[in-house]
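For reference, the structure discussed in these notes is given below.
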């Protein structure tokens, strides 16, 4: 399986981006399959920019998505809903033709400092992805209390590690089934 | 009543921005109360930028919102949900202290080329705004078939003009009631 | 202010119904303004029943809603979304003419055994109520860990009592402003 | 593939139920696999009823769902969201142990008299089903203008018939892939 990893946070030390690296390691994927949105410098979507030409970095990102068999997205929740940064990426990629963000198995994950939040943002993130025709895995991995949840070696709580592995493995089977379809 | 107007589109000839100008005219507001997001060049939200300092233009926009008694937002629907551009603005403004985007009466409007869409995006736009504690007017003005709906003098269909005026007037009473509270 | 109280649970010892009684007491309302859905025996909505005639008890409930100036609804979350029992009541009442469930200030509350849930159900409950044109208060009162949260004298934790009172008082001002409108 | 069909409408001449019969015919399924909620007389969910014992007809319905490999649900939209009747069925079935409504491929369909509505209700219907862990097909079949859309022989417009067949066939492949998993 060829996975591609996308973060909804631009922060250099983002715990959501860290979670993607942990997922890539678990799945034996190279770090090069993790999008670095900071380096890509994707602009805010504008129909005027699009009329001149979809930016090269959007095209580059769209190609990575197209070549992947499945996507794993980790994103913070901002204001009870989707990260504006992530939504902007989705809005741009949805304009590339042929549109690559469809019929992809997608796993959503969220790390957040509070105990409650994270999961509400993921529910809002399902909507554009499912609307575009992707297979968003029903189970979503969300982890609260983030500042205490990690240390240098990974999850502090073995139960979190186990749940993380179970979710990734379940998603792997789901993706394989749909890719063979 | 002091209104402030915000568009979810960066396109220069955006019909949503045009709708805001029509609303400002109906309410006898100066065009200077319509945010020009292109001139403000607000970056994509990043915790790293925030750590250095919230950008001046975000502060400037936050001040305009703070000084307004009510907001009118017109926004396209992208991919069945909120415009990433608009969500990014909300995410930034929610980081300013004191946070200005609360207890504001807000009217949502959408113009879209298709007959169906527009309204679904507005429903997703309610969530961050209500989550932050704003009073989003239950009635929302959405107008499909946009390329045929306007000419130089405004709405082609008098029924659209009437519905537009009724919505704005109803929102005006709602806002006044809540501002006097 | 004349309030009417509606529970999304049919359980006799429902903590959500208990919360309504506590709210009625705080607001000095008689218990008779709390709907007893068990006694009303409202059927599942069917267009065939409606064609014969909207049931008397639906009419009775609709009249109570019509005569109230504001509504307070407490409801469990079932399966990440609205209680089917509550949705069925809304579906029936929306068929009565003149339709009483519009332009009403509404406060939503939820008690739940888990720490996380409750609030997700309330977000889904906003949709039909706002779609019908009601003014749903942005702040919602949700209380997790319900089995430990109450005793015979009310909230165990004084912070919960304080938050409850603040929410009800804020909603009172919101309602009064909109009723005077 | 063994499908089970569920309608969100209790109306005898429901067009949503009619759509299920058309789907069953297309997929060569017997009509006995279409739930008749009127005959089942499932009560409104109450924890008090559950404490005495989950009703036999809920158990019977749960068994049908358990034995099916995939579900097809057609439901009206009521008040911009899920049908209370359908939500009540989901709430009951989610209480049966072992809980059968998980990891099922599910197709959602809606017929509605208006041009716009139907699809908004389906989006709200996804939430409890996905929350319970089911694989809801991203594409949803919604058909507006229902009173003109059917005659005795089926769809009036061949394009609707084609879209219906394409959706069902796509869902069939999706289901087969996930069942083999």
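Points to keep in mind about this one:
- Scanning the stretch D:151-181 for residues that are farther than 24 Å from residue D:70 by Cβ and not in a helix (DSSP H, G or I) yields D:151, D:152, D:153, D:156, D:157.
- Annotation for the stretch C:10-32: no member residue is more than 29 Å from residue C:155 (Cα to Cα) and within 9 Å of chain D (Cβ to nearest Cβ).
- For the residues B:169, B:160, B:152, the requirement of being over 28 Å from residue A:79 (Cα atoms), away from chain A (no Cβ under 14 Å) and within 18 Å of the chain's Cα centre (by Cα) singles out B:169.
- Qualifying residue in the stretch B:95-107 (condition: more than 23 Å from residue B:30 (Cα to Cα), in contact with a helix residue (DSSP H, G or I) (Cβ under 8 Å, 6 or more places away or on another chain) and buried (at least 19 other Cβ atoms within 10 Å of the Cβ)): no
- Pick from the stretch D:104-140, criterion within 8 Å of another protein chain (Cβ to nearest Cβ) and more than 18 Å from residue A:122 (Cβ to Cβ), ranking: modelled with the highest pLDDT: D:139
- Checked against (1) without any contact (Cβ under 8 Å) to a residue 24 or more places away in the chain; (2) touching a strand residue (DSSP E or B) at 6+ places or on another chain (Cβ under 7 Å), residue A:79 passes all but condition (2).
- Only one of the numbered conditions (1) away from chain B (no Cβ under 14 Å); (2) within 24 Å of residue B:80 (Cβ to Cβ) is not met by residue A:51, and that is (1).
- Residue B:72 being more than 13 Å from chain A (Cβ to nearest Cβ) and touching a residue at least 60 places away in the same chain (Cβ under 8 Å): yes
- Residue D:36 being within 13 Å of the chain's Cα centre (by Cα) and either away from chain C (no Cβ under 13 Å) or without any contact (Cβ under 8 Å) to a residue 24 or more places away in the chain (or both): yes
- Qualifying residue in the stretch D:44-67 (condition: free of Cβ contacts under 8 Å to residues at least 12 places away in the same chain and in contact with a helix residue (DSSP H, G or I) (Cβ under 7 Å, 6 or more places away or on another chain)): no
- Scanning the stretch A:134-149 for residues that are within 22 Å of residue C:115 (Cα to Cα), under 15 Å from the mean Cα position of the chain (by Cα) and part of a loop (DSSP other than H, G, I, E, B) turns up A:138, A:139, A:140.
- Options C:76, C:55, C:43: the member that is under 16 Å from the mean Cα position of the chain (by Cα) and either modelled with pLDDT of 95 or more or surrounded by 23 or more Cβ atoms within 10 Å (Cβ to Cβ) (or both): C:76
For (1) closer than 25 Å to residue A:175 by Cα; (2) crowded, with 16+ Cβ neighbours inside 10 Å, each residue gets a yes or a no:
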{"position": "D:118", "(1), (2)": "no, yes"}
{"position": "D:121", "(1), (2)": "no, yes"}
{"position": "D:131", "(1), (2)": "yes, yes"}
{"position": "D:141", "(1), (2)": "yes, yes"}
{"position": "D:148", "(1), (2)": "no, no"}
{"position": "D:161", "(1), (2)": "no, no"}
{"position": "D:164", "(1), (2)": "no, yes"}
{"position": "D:172", "(1), (2)": "yes, yes"}
{"position": "D:181", "(1), (2)": "yes, no"}
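The values are calculated or read from the model by the stated rules, or taken from the named source; none is laboratory data. Keep in mind it's a predicted model, so treat the numbers as computed, not measured. Counting neighbours? That spans all protein chains shown, and the Cβs are built from the backbone with ideal geometry, glycine included.
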